[in-house]
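First up is the structure itself, then whatever we jot down about it.
The values are calculated or read from the model by the stated rules, or taken from the named source; none is laboratory data. Source: prediction; values computed, not measured. Every residue, glycine among them, receives a Cβ derived from its backbone with ideal geometry; neighbour counts consider all protein chains shown. Ligands, DNA and RNA are excluded from the accessible area calculation, which covers all protein heavy atoms including side chains. Shrake-Rupley method; radii C 1.70, N 1.55, O 1.52, S 1.80 Å.
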Protein chains: 2
Amino acid sequence: MNAEIIAVGTEMLLGQIANTNGAYLAQQLAGIGINVYYQTVVGDNPERLEKVLKVAESRNDLVLTIGGLGPTEDDLTKQIVARHLGEPLVVDDDAKAKIDSYAATSGKNKTPNNAKQELKIQHAISLKNHNGFAVGDLYLNQHGTSYVLLPGPPAECLMMIDRELIPQLKKHGDQNRVFNSRVLRFVGIGESKLVSDLADLIDHQTNPTIAPYAKAAEVTLRVTASATDKNQADALIQGMVDQILAIDGEYFYGYGDDNTLASVVVNQLIDRKLSVTAAESLTAGEFQSTIGSVPGVSAVFPGGFVTYANEAKHQLLSIPAEVIKTQGVVSKSTAIWMAQQAKAKMQTDIAVSFTGVAGPDKLEGQPAGTVWIGIAYRDEEPKAFLYHFTNGRQRIRARSVMAGLDLIRRRLAVH
Amino acid sequence: MNAEIIAVGTEMLLGQIANTNGAYLAQQLAGIGINVYYQTVVGDNPERLEKVLKVAESRNDLVLTIGGLGPTEDDLTKQIVARHLGEPLVVDDDAKAKIDSYAATSGKNKTPNNAKQELKIQHAISLKNHNGFAVGDLYLNQHGTSYVLLPGPPAECLMMIDRELIPQLKKHGDQNRVFNSRVLRFVGIGESKLVSDLADLIDHQTNPTIAPYAKAAEVTLRVTASATDKNQADALIQGMVDQILAIDGEYFYGYGDDNTLASVVVNQLIDRKLSVTAAESLTAGEFQSTIGSVPGVSAVFPGGFVTYANEAKHQLLSIPAEVIKTQGVVSKSTAIWMAQQAKAKMQTDIAVSFTGVAGPDKLEGQPAGTVWIGIAYRDEEPKAFLYHFTNGRQRIRARSVMAGLDLIRRRLAVH
């Protein structure tokens, strides 16, 4: 089954907001074996939207629109698709009840614009909106093109995709085939090395398929299997995952589309009751901010140090000025001192430290991207590792943070 | 003139990478009066790309492709567009010289795949690649659809848009009209309030036009004018900017598409030789990391504190445990103590502090999004302000950081 996603909205067309819904939808459809061959963005303009619908219908089994279901005058997607299909709009009772109840409890009058959001296309299956009012539609057409209408706000759209659309498409899809997929996440290995390590598996893939994607400082693989039932699909996936991990398991850190290395590491620390701190120079707080993004981190993270200037390393971490003077601030010794002192001062189980050249200028004669990362773990001898990152200040800092998280992950993997 | 942007690449189609090039290109085209009516994404598939070209040609004066100019087998855009136009590919001498010189100095043999990148469509104007090897094309067609071919890697694409494409389109466009635009950036005001404040101007806009965009924690306005020469366009823009700033100048912080509040504030601090530090609780280092992203910040930022736990506020900032116990950690007093103590310990001119509830859970009975931000400026009485942010942990933290930067900006604006 092949599909086209049409994002409706002038802001997206003009590049003012990114089409993140379309990207997410394409990924979820791939997971159930629906191939997205085209994505189109069109403004809030009835004539051009209708043109785009006609083109999409001519080349796809399934057309999915995102946006234009809201209450304003600009929101016209449902009206135009309904007219295109020759179906009237009818009231969806659940959506109406939700809007009426909101109007009653908030004391605001229900306007005709509010009421627009309770309409669905006749003969469509309603897709409930868990984060808003506008109801979505799944209009199945056995002998032609089927249509899906989703709302534009990401919180509404993503929830509707996960909880309503994908389950409905699975239910109404080929009853004899089940698709399942799993995302494996890797850190500390580039896409090209991973792909070349796995070349035999990738070259001979049929079912399951393996799709590698390079992200900012990590690589993911999506393994997708089709089978006659879920257990068989899972078994196919597991067989492939075992083969992949036998080759590159060292770099594997977790499953899932929305997982992050910070989340995996912080949750391991919480589970094992290990506290953590950091002393950051070039990253200027980005490591702590990143672990701070994980809910529940307060159980293991008391706080830490941003020691950007040399005097701050001396003042806040009591690193002898002599060390920095003789060894250099971008050095193994300084990284080790920073980790050790941060751990001692905050009395944590673990500390990591970052000292390096964010750029654009050289520092102590060392080029941008030269980074030392230290780790102190309980009573063990603290260590520091040298990295050479590239591609500008923000990438150098982001990759430093990932490398620091990876040092903790690797230490925790030992026992 | 109306235009369609076609992004070519399976990774973009499947949502693995975002179509940031397309968004940027649409913005730049709008700035010279070219309206993008459609954007399409298609995979690395010759048949489907050709279909998409035909549809685009039927509805646009200008079709711009992004991607598929590289050296691999998948890169087929130039070949397919050339065939579609009935033009052969010919060698571009400058691109060839660059590839030959790279091969000579790197000692690597030039392969046929490398050579692909030096080809351009006959009768096209070459668009030089400042960050790579693949040459771009501007194929002008006075009586039909014109074509532009741009490379996919963002560093190559954006530079080619700025330095080659836009100047060429201006040169070959309507010689009697000049378009110019300026982006105004606002913080501390929502899109709806800004638009309602400026309703009179927006409702009556013709030339210049005013386009508001809401970003993560700020709003921008793009003012675009067309005129017979650049001076006249600039004068029209300046007249509109003056009217806008007379109404909402208080919230205006700078010009430019790529400007940031962090960059404006840090550069003001550098200019005025004012040093800054921070004590961060809920933001966990994100404020310091954000100012750390600005090159040159080391001149005014020695470092600072991440005091996530109450004990860390006591230990690192010497805040009496009694203050936190009696006033609460999410309180005006704690925010003021944090700012004051951070400033004293780091001996800076300015310190900001952040204490609040990042969520998802309540803290001290206060809901997620309750945030106190403190500022201590030289010998002045330190102050703290209460904010209520929404939309989840990451948004609450990001908006806190913007509000902290805005407090500094407002203080610096006084004198």
Loop-located trypsin sites (Lys or Arg not before Pro) in region A:107-208, at most 15 other Cβ atoms within 10 Å (DSSP): A:108, A:110, A:128, A:177
Cleavage-rule hits, trypsin sites (Lys or Arg not before Pro), region A:334-415, DSSP coil, Cβ neighbours within 10 Å at most 16: A:362, A:378
Rel. contact order, % - alpha carbon contacts under 8 angstrom, at least six apart, region A:261-414: 24 percent
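Mind checking the dipole of the protein assembly as shown: about its Cα centre, +1 per Lys or Arg Cβ, -1 per Asp or Glu Cβ, Debye to the nearest 20?
Magnitude of the dipole: close to 1460 debye.
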Largest to smallest principal axis extent of the C-alpha atoms in chain A, angstrom: 81, 57, 40
Computed helical MRE - 222 nm, chain B, DSSP H runs ≥ 4 contributing -39500 (n - 2.57), nearest 500: -12500 deg cm²/dmol
Fraction of accessible area attributable to carbon and sulfur, chain A (%, probe 1.4 Å): 51 percent
In nm, spacing of pseudo-spin labels at residue A:364 and residue A:130 (7 Å Cα→C-beta vector): 5.1 nm
Contour minus Cα-Cα distance for residue A:123 and residue A:415 (0.36 nm per residue): 99.3 nm
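With every protein chain kept in the model, how would you rank B:385, A:301, B:252 by accessible area, 1.4 Å probe, largest at the top? Show your work: numbers first, answer last.
On the way: B:385 80, A:301 0, B:252 40 Å².
Listed by decreasing accessible area, they come as B:385, B:252, A:301.
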Residue closest to axis [chain A; rotation mapping onto B; Cβ; Å]: A:285, 1
Where B:133, A:305 fall by accessible area, highest first, once all protein chains stay in place (1.4 Å): B:133, A:305
Shielding score for A:308-320, defined as the mean number of other chain Cβ atoms within 10 Å: 4
Peptide A:26-39 - average C-beta neighbours from other chains (10 Å radius): 4
Value of relative contact order over region A:35-189, rounded to a whole percent, pairs C-alpha under 8 Å and six or more apart: 22 percent
Calculated FRET efficiency for the pair residue A:193/residue A:381, C-beta based, R₀ 35 Å, to 0.05: 0.75
Shortest-first nm distances, residue A:204 label point to equivalent points in other copies (7 Å, Cα→Cβ): 7.5
Cα→Cβ-extended label distance, 7 Å offset, between residue B:229 and residue B:111, nm: 5.4 nm
Nearest-ten-degree value, helix A:230-248 long axis tilted from longest Cα axis of chain A: 30 degrees
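Roughly speaking, what is the stretch gain from residue B:163 to residue B:93, that is 0.36 nm per residue apart minus the C-alpha to C-alpha distance, in nm to one decimal?
23.3 nm
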Per residue accessible area in Å² of region A:2-172, where ligands, DNA and RNA are left out and the probe is 1.4 Å: 41 Å²
Shielding by partners - mean other protein chain Cβ count within 10 Å, residues of A:47-55: 3
Angle between chain A longest axis and helix A:46-59 axis [Cα atoms, degrees, rounded to 10]: 90 degrees
Solvent exposure ordering (accessible area, 1.4 Å, most first) of A:200, B:174, B:379: B:379, A:200, B:174
Calculated Rg and Dmax of region A:261-414 using C-alpha coordinates, Å: 14.2, 43
The protein assembly as shown: antiparallel DSSP beta bridges as a percent of all, rounded to 5: 65 percent
Candidate lysines - alpha carbon under 21 Å from residue A:325, same-chain residues fewer than 8 apart omitted: A:313, A:362, A:383
In degrees, nearest ten, helix A:261-271 long axis to first principal axis of chain A (Cα): 70 degrees
Kirkwood-based Rg to Rh ratio, region B:2-172, C-alpha trace: 0.95
Nearest-first distances (nm) between copies at residue B:271, label 7 Å from Cα via Cβ: 5.2
Spin-label model distance (nm) - residue A:390 vs residue A:50, 7 Å beyond Cα toward Cβ: 5.3 nm
Ascending list, in nanometres, of distances separating the residue B:256 label from those of the other copies (7 Å, Cα toward Cβ): 3.9
Where trypsin sites (Lys or Arg not before Pro) fall in DSSP loop in region A:200-284, at most 16 other Cβ within 10 Å: A:215, A:272, A:273
Relative contact order computed over chain A (Cα-Cα under 8 Å; 6+ residues apart), in percent: 10 percent
FRET efficiency, 1/(1 + (r/R0)^6) with R0 25 Å, evaluated for residue A:272 and residue B:315 via beta carbons: 0.55
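Can you give the accessible area buried between chains B and A, summed over both chains, with a 1.4 Å probe, in Å² to the nearest 100?
Roughly 4300 Å² of accessible surface disappears when B and A pair.
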Pairwise Cα inverse-distance average, inverted: Kirkwood Rh of region B:165-251 (Å): 13.8 Å
The protein assembly as shown - Rg over Rh from alpha carbon coordinates, Kirkwood radius: 0.96
